[in-house]
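S.K.: One structure, as structure tokens, below. Some questions next.
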Amino acid sequence: MSKISIQKWKQFFLLSNECLSYGLELADSGLPWHAYCGAPLKRAEDLPAHQSYRCRLYSTPGRASLFFRELSVFGGDFQEESALKISYPDGIRESIFDLVEAKAEGNTLTLEFREKRHPIQLKMFYTLHDTVLERHYELTNAGTEEVTVENFASATLPLPPVIDHWRVTHLSGRWAREAVPMHHLLTEGKFVVESRTGLSGPFHVPLLALDEGNASEEAGEVYFATVLWSGNWKMVVEKNSVDYAAIHGGINEFDSSIRLHPGETFPVPVVAIGYTREGFGGMSRTLHRYQEEDLLPPGVAHRVQPMLCNTWGSFGAFVNEEKVIACARRAKEIGCELFVIDDGWQAALGDWVPDREKFPRGLEPVREEIARLGMDFGLWIEPESFEISSELYRRHPDWAMAYPNCEPLRKVRDDVGRPRVSVMLNLAKKEVARYLKEAIGNLVRTFRLGYLKLDMNCYFTAPGGAERVWIDYARNLDWIFQSISREFPHLLLENCASGGSRVSLQMTRAFGRINRSDNQDALDVLKLHEGFTFLNLPRMAGGACHISDSMVHINRRQTPLKFQAYCGMLGSLACGKDLARCSAGELAEIRRYVELYKKVRPIVQLGDLYRLVSAFDHPYAVYEYVTKDRSEALVFVLGMSMQFGDKIRAFRVRGLDPDAVYRVESFGQSTPEWSRDYEPSTPISGRAAAQIGIQTGLVGDFDCRILHLVKLKKTGPTA
Ligand code: DGJ
């Protein structure tokens with residue numbers, strides 16, 4: 001039963017779900033005051049009035065409370081970070097909003113305002129989900145003259161004044177190292193993370209977590225916010241001169257002021273706000289539930305991921321009918337359920353028809369063979385670029401992203417057979433977006449695709465040719481893929497941008513899988529998976545080639561097949577080997593891993609994640625997945641390089657039913673006889689597993705195993 005409620009008392013609103021309460025106070029003039037965000041409260045009467053906020057001696061009276069607006073609007077003596085700033089044609093650049101109506105309906109509180117001196121309407125929305133609170137607003141120009149919106153962050157979230165010192169946690173990244181958690185203490189001033197590439201990444205992920213400096217993986221208060229936007233975004237944490245801190249987040253105003261035309265409404269994207277007492281692990285589980293319950297398309301939300309074979313790791317772009325069919329036959333033998341042809345099948349970027357040299361009979365014979373083998377068929381596309389040699393470019397050179405009267409910037413790739421010279425399509429133009437939506441829909445229909453990988457391999461260059469390029473591009477991209485996802489509800493879409501360069505929960509509304517990284521070095525995966533799962537559901541951790549040596553060039557490291565497979569099973573496993581060239585022994589070995597994957601994936605992919613030991617702190621990582629009913633758990637123990645004869649410490653196993661006893665079995669035990677002492681074999685209660693922990697052994701390099709805990713029976717209070 002949902003525990004969502006919206007209470008009103010005098011001028012106060014208290015919005016609560018099972019994870020957090022959020023309080024605000026309506027103001028006689030101006031936007032509401034922020035009253036509270038944190039652990040669930042019961043009474044709106046307890047919310048503090050804005051006058052109670054104190055500020056430093058000698059500073060202007062009321063300055064502290066200015067800092068506690070629900071949206072920091074430029075004006076008066078407020079000079080801090082502005083979430084919203086509008087310039088009017090009469091020269092006024094401040095806004096004063098008066099409340100018109102406050103309405104609570106279902107799970108949403110809507111507050112409507114009118115600007116005092118100009119015909120501008122503002123509607124703020126607060127929508128409660130079971131786990132998080134979503135905030136966004138719409139600005140409407142009800143006048144006859146254009147206004148310019150210079151700042152348009154979606155929300156301000158003042159942080160609780162009871163905490164003095166804050167630590168900020170964010171994810172920093174780049175190609176092959178997409179999301180590494182970073183922690184910094186916040187001092188007076190601003191901490192800014194943002195994207196200016198036109199994609200949401202890869203240098204930062206749109207997520208910020210704030211704690212008092214003592215939250216750990218499993219304990220401690222964490223406040224967090226994430227912007228649901230796949231283009232340029234910005235998040236700022238500000239600690240001001242009166243010692244209060246606030247987060248602002250939304251679309252990045254970089255190179256993007258908005259001319260709001262008469263009659264136009266501009267909706268800003270959602271910022272989801274959450275709170276937990278269960279540390280960073282609790283934050284992730286909250287965000288994972290939000291994705292499962294509220295964001296993922298219903299057709300893929302509760303489904304396990306297929307075992308996939310992708311051609312990128314084996315053939316690069318050098319695919320052809322013969323190679324693909326030979327590989328697909330073997331893929332079936334090892335247990336694959338989906339066969340994907342990656343880059344190289346197409347006539348050209350932009351011309352999404354088969355290359356007749358590589359596939360003289362088109363893709364139909366391949367598709368038929370894959371169907372006959374009983375696998376789903378998937379394709380790769382990079383629809384946001386087109387080659388200058390393509391038919392599409394010949395017909396529509398004006399669709400390229402470029403400044404007026406300038407040539408578009410060309411990107412040259414020479415790892416794909418012939419030098420590929422391409423430019424970006426300008427998706428900010430509606431006709432381009434419409435064309436792509438049709439073209440992609442046709443492709444799905446023609447080849448009866450079960451899977452489609454969207455790739456994107458450049459940052460925006462020369463972003464001209466449309467009024468709001470950065471913003472409309474992201475909106476149109478959303479529109480294309482959410483429409484495709486609605487039209488083909490069972491189609492699995494993979495979000496890829498040179499690996500994981502476009503990760504945001506907005507993409508999760510259409511995409512059920514993400515290329516976590518092109519870096520499939522299994523050792524690096526141990527760390528990448530940690531950062532990835534801070535925000536994303538573990539089961540979304542995809543990519544083309546977990547089982548493969550194709551990415552060896554990244555670190556020049558070879559890893560055993562077993563280690564590759566076990567690390568791949570932390571998410572959604574894919575094989576990227578040229579299977580037709582594998583020995584019978586290798587195939588048999590991979591088949592065993594695929595069988596194991598099918599056995600463990602319901603727990604990994606539909607369960608809850610606990611990151612028990614971090615590879616950033618130890619020469620091994622331990623990840624645990626627990627079924628929602630706590631009847632089973634899997635503990636992945638994955639060693640990098642053990643040294644000095646060290647043994648791994650016992651680790652606490654989380655999330656089990658304390659009053660139940662679990663049988664423990666081990667998959668993948670391959671270490672010599674002497675390490676068997678460390679194999680847990682006697683049943684253990686959930687309580688003891690959480691307190692005493694479990695001991696297991698790892699030796700040498702790349703040793704790994706999976707412990708499977710299965711609930712035996714209820715044992716009552718003695719357990
Ligand atoms: C970059 C992607 O991340 C890879 O997985 C692969 O699809 C290549 N592009 C293809 O060009």
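The values are calculated or read from the model by the stated rules, or taken from the named source; none is laboratory data. Please read these numbers as outputs of a predicted model, since none were measured by experiment. Counting neighbours? That spans all protein chains shown, and the Cβs are built from the backbone with ideal geometry, glycine included. Keep in mind that these areas ignore ligands, DNA and RNA; they rest on the heavy atoms of the full protein, side chains included. Shrake-Rupley method; radii C 1.70, N 1.55, O 1.52, S 1.80 Å.
S.K.: Mind checking whether some residue in the stretch 417-430 is open to solvent by less than 80 Å² (accessible area, probe 1.4 Å), farther than 21 Å from residue 472 by Cα, within 16 Å of the ligand (Cβ to nearest atom) and part of a loop (DSSP other than H, G, I, E, B)?
M.R.: Looking through the stretch 417-430, at least one residue is open to solvent by less than 80 Å² (accessible area, probe 1.4 Å), farther than 21 Å from residue 472 by Cα, within 16 Å of the ligand (Cβ to nearest atom) and part of a loop (DSSP other than H, G, I, E, B).
S.K.: Just one of the numbered conditions (1) surrounded by 17 or more Cβ atoms within 10 Å (Cβ to Cβ); (2) more than 16 Å from the ligand (Cβ to nearest atom); (3) hydroxyl-bearing (Ser, Thr, Tyr) is not true of residue 403; which one?
M.R.: In the conditions (1) surrounded by 17 or more Cβ atoms within 10 Å (Cβ to Cβ); (2) more than 16 Å from the ligand (Cβ to nearest atom); (3) hydroxyl-bearing (Ser, Thr, Tyr), residue 403 misses (1) alone.
S.K.: Consider residue 516 against the criteria (1) more than 16 Å from the ligand (Cβ to nearest atom); (2) within 17 Å of residue 204 (Cα to Cα): it satisfies all of them except one. Which criterion is unmet?
M.R.: Condition (1) is where residue 516 drops out.
S.K.: Looking for whichever is more than 13 Å from the ligand (Cβ to nearest atom), touching a strand residue (DSSP E or B) at 6+ places or on another chain (Cβ under 9 Å), open to solvent by 10 Å² or more (accessible area, probe 1.4 Å) and not aliphatic (A, V, I, L, M) here; the options are 481, 511, 488. Which one fits?
M.R.: Details: 481 fails: open to solvent by 10 Å² or more (accessible area, probe 1.4 Å); 511 fails: open to solvent by 10 Å² or more (accessible area, probe 1.4 Å).
Residue meeting the stated conditions: 488.
Condition check ((1) of a type outside the set (Phe, Trp, Tyr); (2) over 29 Å from the mean Cα position of the chain (by Cα); (3) more than 20 Å from residue 354 (Cβ to Cβ)) across all residues:
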site	(1), (2), (3)
403	no, yes, yes
406	yes, yes, yes
415	yes, no, yes
438	yes, no, no
448	yes, no, no
455	yes, no, no
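S.K.: Can you tell me which residue within the stretch 386-400, out of those that are open to solvent by 80 Å² or more (accessible area, probe 1.4 Å) and either among the basic types (Lys, Arg) or within 16 Å of the ligand (Cβ to nearest atom) (or both), is farthest from residue 319 (Cα to Cα)?
M.R.: Among residues in the stretch 386-400 that are open to solvent by 80 Å² or more (accessible area, probe 1.4 Å) and either among the basic types (Lys, Arg) or within 16 Å of the ligand (Cβ to nearest atom) (or both), the one farthest from residue 319 (Cα to Cα) is 395.
S.K.: To continue, here is another question. Pick from the stretch 519-532 the residues that are more than 15 Å from the ligand (Cβ to nearest atom) and modelled with pLDDT under 95: which of them is surrounded by the most Cβ atoms within 10 Å (Cβ to Cβ)?
M.R.: The extreme case among them is 522.
S.K.: Considering only residues of the stretch 324-350 that are within 16 Å of the ligand (Cβ to nearest atom) and of a type in the set (D, E, K, R), which is nearest to residue 601 (Cα to Cα)?
M.R.: It comes out as 342.
S.K.: Among the residues of the stretch 533-563, which ones are open to solvent by less than 10 Å² (accessible area, probe 1.4 Å), within 16 Å of the ligand (Cβ to nearest atom) and not in a loop (DSSP other than H, G, I, E, B)?
M.R.: 540, 541, 547
S.K.: Can I ask one more? Hey, any hits in the stretch 185-204 for a residue that's at pLDDT 95 or above, over 30 Å from residue 162 (Cβ atoms), open to solvent by 20 Å² or more (accessible area, probe 1.4 Å) and not acidic (Asp, Glu)?
M.R.: Yes, some residue in the stretch 185-204 is at pLDDT 95 or above, over 30 Å from residue 162 (Cβ atoms), open to solvent by 20 Å² or more (accessible area, probe 1.4 Å) and not acidic (Asp, Glu).
S.K.: Restricting the search to the stretch 491-508, which residues are part of a loop (DSSP other than H, G, I, E, B), away from the ligand (no atom under 16 Å from the Cβ) and among the hydroxyl-bearing types (Ser, Thr, Tyr)?
M.R.: Of all residues in the stretch 491-508, those part of a loop (DSSP other than H, G, I, E, B) come to 491, 496, 498-499, 501-506.
With away from the ligand (no atom under 16 Å from the Cβ) added as a condition, the list becomes 491, 504-506.
The one that is part of a loop (DSSP other than H, G, I, E, B), away from the ligand (no atom under 16 Å from the Cβ) and among the hydroxyl-bearing types (Ser, Thr, Tyr): 504.
S.K.: Is it fair to say residue 324 is more than 21 Å from residue 579 (Cα to Cα), in a helix (DSSP H, G or I) and among the hydrophobic types (A, V, I, L, M, F, W, C)? Please lay out each step first, then the result.
M.R.: Working: more than 21 Å from residue 579 (Cα to Cα): no; in a helix (DSSP H, G or I): yes; among the hydrophobic types (A, V, I, L, M, F, W, C): yes.
It is false that residue 324 is more than 21 Å from residue 579 (Cα to Cα), in a helix (DSSP H, G or I) and among the hydrophobic types (A, V, I, L, M, F, W, C).
S.K.: For the subset of the stretch 131-157 comprising residues that are open to solvent by 10 Å² or more (accessible area, probe 1.4 Å) and polar (S, T, N, Q), which member is farthest from the chain's Cα centre (by Cα)?
M.R.: Only one residue fits best here, namely 144.
S.K.: Sort out which residues of the stretch 99-130 are surrounded by fewer than 17 Cβ atoms within 10 Å (Cβ to Cβ) and in contact with a Gly (Cβ under 8 Å, 6 or more places away or on another chain), and write them in order of number.
M.R.: Result: 119, single match.
S.K.: Just a yes or no: is a residue in the stretch 311-324 at pLDDT below 95 and not aromatic (Phe, Trp, Tyr)? Spell out how you get there, then give the answer.
M.R.: So the first thing to find is which residues in the stretch 311-324 are at pLDDT below 95, and the list is none.
No, the conditions are met nowhere in the stretch 311-324.
S.K.: Under 18 Å from residue 382 (Cβ atoms), part of a helix (DSSP H, G or I) and open to solvent by less than 10 Å² (accessible area, probe 1.4 Å) - does that describe any residue in the stretch 449-466?
M.R.: No: the stretch 449-466 contains no residue that is under 18 Å from residue 382 (Cβ atoms), part of a helix (DSSP H, G or I) and open to solvent by less than 10 Å² (accessible area, probe 1.4 Å).
S.K.: Then there's this: Which residues, counting only those in the stretch 550-566, are in contact with a Ser or Thr (Cβ under 8 Å, 6 or more places away or on another chain) and closer than 20 Å to residue 605 by Cβ? Walk me through it before giving the result.
M.R.: Within the stretch 550-566, the subset in contact with a Ser or Thr (Cβ under 8 Å, 6 or more places away or on another chain) is 550, 562, 564.
564 - this is the single residue of the stretch 550-566 that is in contact with a Ser or Thr (Cβ under 8 Å, 6 or more places away or on another chain) and closer than 20 Å to residue 605 by Cβ.
S.K.: Using the structure shown, decide if residue 663 is part of a strand (DSSP E or B) and out of contact with any helix residue (DSSP H, G or I) (no Cβ under 8 Å at 6 or more places or on another chain). Full working, then the answer.
M.R.: On the way: part of a strand (DSSP E or B): yes; out of contact with any helix residue (DSSP H, G or I) (no Cβ under 8 Å at 6 or more places or on another chain): yes.
Spelling it out, residue 663 is indeed part of a strand (DSSP E or B) and out of contact with any helix residue (DSSP H, G or I) (no Cβ under 8 Å at 6 or more places or on another chain).
S.K.: Residue by residue through the stretch 309-323, note down the ones that are away from the ligand (no atom under 12 Å from the Cβ) and either under 23 Å from residue 606 (Cβ atoms) or open to solvent by less than 10 Å² (accessible area, probe 1.4 Å) (or both).
M.R.: The one that is away from the ligand (no atom under 12 Å from the Cβ) and either under 23 Å from residue 606 (Cβ atoms) or open to solvent by less than 10 Å² (accessible area, probe 1.4 Å) (or both): 309.
S.K.: Select from the stretch 353-378 the residues that are within 16 Å of the ligand (Cβ to nearest atom) and closer than 10 Å to residue 339 by Cβ and list them in ascending order. Outline the logic, then answer.
M.R.: Taking the stretch 353-378 as the starting set, the residues that turn out to be within 16 Å of the ligand (Cβ to nearest atom) are 355, 358, 378.
Result: 378, single match.
S.K.: A further question follows. Specify which of the listed residues (594, 525, 613) is farther than 24 Å from residue 499 by Cα and among the aliphatic types (A, V, I, L, M). Don't jump to the end; show me each part of the working.
M.R.: Values: 594 fails: farther than 24 Å from residue 499 by Cα; 525 fails: farther than 24 Å from residue 499 by Cα.
Exactly one of 594, 525, 613 is farther than 24 Å from residue 499 by Cα and among the aliphatic types (A, V, I, L, M), namely 613.
S.K.: So residue 163 passes all but one of these: (1) touching an Asp or Glu at 6+ places or on another chain (Cβ under 7 Å); (2) among the aliphatic types (A, V, I, L, M); (3) open to solvent by 60 Å² or more (accessible area, probe 1.4 Å). Which condition number does it fail?
M.R.: (3)
S.K.: May I ask you to list the residues in the stretch 327-347 that are assigned to a strand (DSSP E or B) and touching a residue at least 60 places away in the same chain (Cβ under 8 Å)? Walk me through how you get there before you give the answer.
M.R.: Step one: of the stretch 327-347, the residues assigned to a strand (DSSP E or B) are 338-341, 346-347.
338, 340 - these are the residues of the stretch 327-347 that are assigned to a strand (DSSP E or B) and touching a residue at least 60 places away in the same chain (Cβ under 8 Å).
S.K.: What are the pairs with Cβ atoms under 8 angstrom where one residue, in the stretch 179-191, is free of Cβ contacts under 8 Å to residues at least 60 places away in the same chain and at positive phi and the other, located anywhere, is open to solvent by 30 Å² or more (accessible area, probe 1.4 Å) and in a loop (DSSP other than H, G, I, E, B)? Sequence gap at least six, or different chains.
M.R.: Qualifying pairs under 8 Å: none.
S.K.: Is there any pair with a first residue in the stretch 485-497 that is in contact (Cβ under 8 Å) with a residue 60 or more places away in the chain and a second that is away from the ligand (no atom under 16 Å from the Cβ) and of a type outside the set (A, V, I, L, M) whose Cβ atoms are under 6 Å apart and which are 6 or more apart or on different chains, and what are they?
M.R.: 485/297; 489/299; 490/299; 492/512
S.K.: Can you name every residue in the stretch 338-355 that is touching a Leu at 6+ places or on another chain (Cβ under 7 Å) and buried (at least 20 other Cβ atoms within 10 Å of the Cβ)?
M.R.: Of the stretch 338-355, the ones touching a Leu at 6+ places or on another chain (Cβ under 7 Å) are 338, 340-341, 345, 350-352, 354.
Result: 338, 340, 341, 345, 350, 352, 354.
S.K.: Out of the residues in the stretch 406-416 that are surrounded by 15 or more Cβ atoms within 10 Å (Cβ to Cβ) and within 13 Å of residue 349 (Cβ to Cβ), which is nearest to the ligand (Cβ to nearest atom)?
M.R.: To start, the set of residues in the stretch 406-416 that are surrounded by 15 or more Cβ atoms within 10 Å (Cβ to Cβ) comprises 408-409, 411, 413.
Within this subset, residues satisfying the condition of being within 13 Å of residue 349 (Cβ to Cβ) are 411, 413.
Numbers: 411: 12, 413: 8 Å.
That would be 413.
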